[in-house]
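The values are calculated or read from the model by the stated rules, or taken from the named source; none is laboratory data. All values reported here derive from a predicted model rather than from experimental measurement. For neighbour counting, all protein chains shown are included, and Cβ atoms are generated from backbone atoms with ideal geometry for every residue, glycine included. Quick note on the areas: whole protein, heavy atoms, side chains included, nothing else; ligands and nucleic acids left out. Shrake-Rupley method; radii C 1.70, N 1.55, O 1.52, S 1.80 Å.
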Amino acid sequence: MDTLKVRDAKDVEEVVRAAIASEQPLEIIGHGTRRAIGHPMATNAVLDVSALNAVSSYEPNELIITVQSGAPLADVQSLIDSKNQQFAFEPIDTSALLGVSGNGTIGGMIGAGLAGPRRIRAGGARDHLLGAHAVSGFGDSFKTGGRVVKNVTGYDLCKLLAGSWGTLAVMTEVTLKVMPRPESERTLVLSGLDDVVANRAMTAALGSPYDVSGAAHLPNSAFRPATGVLAGLSAQGRAVTLLRLEGIAASVADRAASLAKTLAPFGPVDTLQDAASASVWSAIRDVEPFAASGALGVWPVWRIVCPPASGGALGQALARETGGDVIYDWGGGLIWAALPPKPDAQAALVRARVEAAGGHASLIRASEQARRDVDVFHPQAEGLAALSERVRHSFDPRIILNRGRMLRGLAT
């Protein structure tokens, strides 16, 4: 495997142009922590951008940071945390889930586009991406977006880069919006609800005027492998439903009391505060019950997005039919499902149930063979697939960048 470690955007241009000339596709990596997501790629050339790791500018008063794409995510988060700020969309750290060390780079965070529990209030990664410098599959540098929250320069191409898994362009620098960290947080905890009733409780909380920033449900089966902060969350491994409130301390206390009254028909309400609350939501964000080092470490893991109102019934049916475990986030709109291993990772069953519910499913963790044999990302409808292909062709007509990662068969 030839690894080409670039020093700047000019190097990236030269490497991409050489790859085009030799018809050699490139695998784009930073720290390589998410290489196991997507279809295996048929290439022996790696473009390593980890040396592009500088913070170009940080303006805490303007809530804007510009950073090179290879910068370690942990270092950038530490920097903005020192100014009592954060990435409000709570980027997921997939290292525990995939069984790798480290938590990746800023470019990997944007390329994956995976947001955590606060997505229901703050939006996703693309909503916080203000601008980017990148190199296309033509070997040309381009700039999209800017350094202000409201860009009026036409269509914001940088939004396309979020969630593209490196298939459109090689990002070299990005500008992101940061937000102040909340002064206080509280999590209300309901115990013993089944999935469908919990779904109703989360819907009631999210529909209330109390500005809920996290709504998750852990069925009792999810506590079978639980360790760390989740292990002591529920007595006798009973299911728990979690609802987070954030903001100024006085406001959080008042809203928590009012929300507890709203949720009274669902049972007694317990409370977690500040550090205890934050640690629980970090574990939910990173899907710790399904960690590669845990009891379910060899089980395939699906990430399912569906209408929130359908989440409880869908997850319950999948768990019953497969013998798997599920975790609900986003008020039931996001389901993480760990299913007993089968050659196809139970793709046919999962996709049939998910499509019937109006959702889509991605296979986040599976064996290399399973990722060769089934579609990792949900197949698109014909019209949308044609549009996606036109977009990809406008960025990378030779399919030089991460060939085959998102579409099975392109690797060959």
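What is the helix-to-structure angle for 382-395, meaning the angle in degrees between its Cα long axis and the longest Cα principal axis of the chain, kept from 0 to 90 and rounded to the nearest 10?
50
Mind checking which of Ile29, Val46, Ala19 is farthest towards the positive end of segment 1-46's charge dipole, using Cβ charges of +1 (Lys, Arg) and -1 (Asp, Glu) about the Cα centre?
After comparing all options, I get Ile29.
Roughly how tilted is helix 249-262, in degrees to the nearest 10 and between 0 and 90, from the longest Cα axis of the chain?
In the chain, helix 249-262 runs at an angle near 60 degrees to the longest axis.
Quick one: check the C-alpha center-to-center distance for segment 47-62 versus segment 71-115, whole angstrom.
13
Compute the accessible area per residue over the chain, keeping the other protein chains in place, probe 1.4 Å, unit Å².
Using a 1.4 Å probe on heavy atoms only, each residue of the chain averages 41 Å².
Which is farthest toward the positive dipole end of segment 1-144 among Ser101, Ala112, Gly124, measuring Cα position about the Cα centre, with Cβ charges +1 (Lys, Arg) and -1 (Asp, Glu)?
Gly124
State, to one decimal in nm, how far the label point of Leu384 lies from the label point of Ala231, with both points 7 Å from Cα in the Cβ direction.
Taking the simple label geometry, Leu384 and Ala231 are separated by 4.1 nm.
When the helix-only estimate is applied to the chain (DSSP H runs of n ≥ 4, each -39,500 (n - 2.57), divided by the residue count), what is the mean residue ellipticity at 222 nm, nearest 500 deg cm²/dmol?
Value at 222 nm, helices only, nearest 500: -9000 deg cm²/dmol.
Once you compute Rg and the Kirkwood Rh from C-alpha atoms, what is the Rg to Rh ratio for the chain?
Rg/Rh for the chain comes to 0.97.
Between Arg35 and Ala309, what FRET efficiency follows from the Cβ-Cβ distance if R0 is 41 Å, with the result rounded to 0.05?
So the FRET efficiency works out to roughly 0.70.
For segment 91-150, give the magnitude of the charge dipole about the Cα centre (Cβ charges: +1 Lys/Arg, -1 Asp/Glu; no others), in debye to the nearest 20.
I would put it at about 320 debye.
Quick one: accessible surface of Thr43, probe radius 1.4 Å, all protein chains present, in square angstrom to the nearest 10.
So the heavy atoms of Thr43 present about 30 Å² to solvent.
For the pair Asp8 and Lys342, how long in nm is the line joining their label points, each one 7 Å along Cα→Cβ?
Each label point is offset 7 Å from its Cα along the Cβ direction, giving 5.5 nm.
In debye to the nearest 20, how big a dipole does the chain give about its Cα centre with +1 on each Lys and Arg Cβ and -1 on each Asp and Glu Cβ?
Value, rounded to 20: 480 debye.
Using packing as a proxy for protection, rank 331-340, 69-78, 258-267 so that the peptide with the highest average count of other Cβ atoms within 10 Å comes first.
Packing order, densest peptide first, comes out as 331-340, 69-78, 258-267.
Lys and Arg at +1, Asp and Glu at -1: add these up for the other residues within a Cβ distance under 13 Å of Leu26 and post the number.
That sum, taken over residues with Cβ under 13 Å, equals -3.
Please find, in a Gaussian network model of the chain (springs between Cα atoms separated by less than 10 Å), the residue of Lys83, Lys159, Lys177 whose mean-square fluctuation is greatest.
Between Lys83, Lys159, Lys177, it is Lys83 that shows the largest mean-square fluctuation.
Want the number for Asn84 to Asp140: 0.36 nm per residue separation, take away the alpha-carbon distance, what's left?
16.4 nm
Between Ala264 and Asp211, what length comes free when the chain is fully extended (0.36 nm per residue of separation minus the Cα-Cα distance, one decimal in nm)?
Difference between extended and current length: 17.3 nm.
Rg and Dmax of segment 50-175, Cα atoms, in Å?
Computed over the Cα atoms of segment 50-175, radius of gyration and Dmax are 13.9, 42 Å.
Give the carbon-plus-sulfur fraction of the accessible surface of segment 193-307 in %, rounded to a whole number; probe 1.4 Å, heavy atoms of protein chains only.
Carbon and sulfur: 56 percent of the exposed surface of segment 193-307.
According to a simple spin-label model (label point 7 Å from Cα along Cα-to-Cβ), what is the distance in nm between Glu355 and Met179?
3.5
Could you compute the FRET efficiency for Gln273 and Arg238, with r as their C-beta to C-beta distance and R0 at 22 Å, rounded to 0.05?
Given R0 = 22 Å and the Cβ-Cβ separation, E is 0.60.
Within segment 1-127, what whole-number % of the accessible surface is contributed by carbon and sulfur, with the 1.4 Å probe and all protein chains included in the calculation?
Of all accessible area on segment 1-127, carbon and sulfur atoms account for 43 percent.
Would you please state which residues of segment 64-95 a label at Asp127 would reach in this model, taking the label point 7 Å out along Cα→Cβ and a backbone N cut-off of under 16 Å?
86-92
Using a cut-off of 14 Å between beta-carbons, work out the net charge of the residues near Ala385 (Lys and Arg +1, Asp and Glu -1, Ala385 not included).
0
Which whole-angstrom value gives the distance between the alpha carbon centres of segment 338-356 and segment 310-334?
First find each Cα centre; the distance between them is then 12 Å.
If I fit a long axis through the Cα atoms of helix 195-206 and take the longest principal axis of the Cα atoms of the chain, what angle between them do I get, 0 to 90°, rounded to 10?
Taking the Cα atoms of the chain, the angle to 195-206 is about 80 degrees.
Need the full-extension length gain, Glu368 to Asp194, defined as separation in residues times 0.36 nm minus the C-alpha distance. One decimal, nm.
59.2 nm is the gain from fully extending Glu368 to Asp194.
Identify the GluC sites (Glu not before Pro) of segment 1-44 meeting these criteria: DSSP loop state and at most 10 other C-beta atoms within 10 Å of the C-beta.
Glu23
If you look for lysine pairs in the chain that are eight or more places apart or on different chains, how many of them have Cα atoms under 26 Å apart?
Eligible lysine pairs with Cα atoms under 26 Å apart amount to 10.
To the nearest 20 Debye, how big is the dipole of segment 253-325 about its Cα centre, given +1 on the beta carbon of each Lys and Arg and -1 on that of each Asp and Glu?
The calculated dipole for segment 253-325 is roughly 200 debye.
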